[in-house]
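The values are calculated or read from the model by the stated rules, or taken from the named source; none is laboratory data. Since we're looking at a predicted model, the values are computed, not measured. Note: ideal-geometry Cβ built from the backbone for every residue, glycine included; neighbour counts use all protein chains shown. Just so you know, the surface numbers come from the protein's heavy atoms only, side chains and all, with ligands and any DNA or RNA stripped out. Shrake-Rupley method; radii C 1.70, N 1.55, O 1.52, S 1.80 Å.
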Amino acid sequence: MHGPTQAAWLLVALCAATGAYCLLRMRSRIEEQRRTAGGEALMGFGMAVMAVPAAVIALPRWAWLGYAAVFGAAALHALLTARTSRHHLHHLIGASAMVYMSLAMITTPGAHAGHGGAGLPALTGALLLYFAGYVLWSGARLAPARTAVAGRGGGGPGVLGWGDRPELARACRLSMGIGMLAMLLTL
């Protein structure tokens, strides 16, 4: 990712924190949370590494090929599991976007260092539109979830653990959507 160094480090911190929370969600009592949390943790940590400023670490070509392979496998997994849950379609698009950005770093020398554009403008634009819409939709869904949880009584068996809180999972997805949008804007 290229752009202002401070913004890149903030994006690294946001994505790493999101990935860490997704690892916590893997301990959830809710099966669907556990199922999706692993892929979201991979996405968060992958985005964090990809967002590290090129001035700090200039990844060699083979690393970008590795990235494309890992997220290609994640996209294939999301495609296979999309039959059971529509949410996995978003995982498919996110993993495919990571493959696309990795391949753009391979095919355009110096793109990660900020020496020119990378990628196909039409595909980048389509992904930007998708993630902008996703961020707006996720943000709109986050507000009602917060008020619904606030209405619960304190203590007792109805109390949810950190990995089971739907509003935190939505905030996690919102922050990854914002991160993906920021990374695509710099492509």
Options Ala20, Ala68: the member that is touching a Leu at 6+ places or on another chain (Cβ under 8 Å), part of a helix (DSSP H, G or I) and free of Cβ contacts under 8 Å to residues at least 40 places away in the same chain: Ala68
Count - residues of segment 47-87 that are over 22 Å from Leu14 (Cβ atoms), modelled with pLDDT under 85 and β-branched (Val, Ile, Thr): 1
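Taking the options Ala8, Ala41, name whichever one is open to solvent by less than 10 Å² (accessible area, probe 1.4 Å) and either over 23 Å from Arg165 (Cα atoms) or in contact (Cβ under 8 Å) with a residue 60 or more places away in the chain (or both). Talk me through it step by step, then tell me what you get.
Numbers: Ala41 fails: either over 23 Å from Arg165 (Cα atoms) or in contact (Cβ under 8 Å) with a residue 60 or more places away in the chain (or both).
Within the list Ala8, Ala41, the selection yields Ala8.
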Unique residue being out of contact with any helix residue (DSSP H, G or I) (no Cβ under 9 Å at 6 or more places or on another chain), charged (D, E, K, R) and either without any contact (Cβ under 8 Å) to a residue 40 or more places away in the chain or open to solvent by 70 Å² or more (accessible area, probe 1.4 Å) (or both) when the list is Arg83, Arg61, Arg34, Arg29: Arg83
